[in-house]
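None of the figures in this text is laboratory data; all of them are computed from the coordinates on show. A quick note: this is a predicted structure, and the numbers were derived from the prediction, not measured. So basically every Cβ, Gly included, is an ideal-geometry build from the backbone, and we count neighbours across all protein chains shown.
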Amino acid sequence: MKPEAPDHDGGASPGLIQRLLLPLFLLGAIGTLAELVLLGHYEEIWQLIPLLLLTISLTVVAMWFIAGRPGAVLRVFQFTMLLCLVAGALGIYLHYDSNVEFELEMNPSARGSDLVWNSLTGAMPALAPGTMFQIGLVGLLYTYRHPVFRSQSKNAGAPLEKLKKNDEI
């Protein structure tokens, strides 16, 4: 039987990093959700996407603790985090596009770097949806090589190990 290689390089343990990432995720998600509600970010259908994704992700985290940390719940969380990445990128595009439209309404002859700069610094914060992208990344980092997945793969391989041992006899 071969000795197992360590999972890390001697730095901070993966368990410690995960314990730090979850509160960071919760702080970001709750703070962003509160900010969006306070800003009235629910006037159009597109504006509901981050509210919905943040609510779902916080609900899934609560389920994760209530249900005894099953891997299936963590997979739903990962999928939600991927949707947060998409929503962040889409939000940046929508905010920027809306600002471009407004700038062209105000000054139809605007072009080039002036149009880009005015759109980035316009009424709608063009890069603010990047927060959703960041929340998605923190959530995915929390699940990266999570021990729940390692224990599931070891359990899944248990019958195979018995077969290998029986073949050796």
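Remarks
- Farthest towards the positive end of the charge dipole of segment 16-144, among the residues PRO50, VAL100, GLY71, is the Cα of GLY71, using unit charges on the Cβ of Lys, Arg, Asp and Glu.
- 3J(HN,Hα) along segment 36-53: 5, 5, 5, 7, x, 7, 8, 7, 10, 4, 5, 6, 7, 4, x, 4, 5, 5 Hz, from the Karplus curve 6.51 cos²θ - 1.76 cosθ + 1.60 with θ = phi - 60°, whole Hz, x for Gly and Pro.
- Amide N proximity, segment 73-103 versus TRP117 label position 7 Å along Cα-to-Cβ, cut-off under 17 Å: 100, 103
- In order along segment 140-150, the phi-based Karplus estimate (6.51 cos²θ - 1.76 cosθ + 1.60, θ = phi - 60°) of 3J(HN,Hα) comes to 5, 4, 4, 8, 4, 6, 5, x, 4, 6, 5 Hz; Gly and Pro are listed as x.
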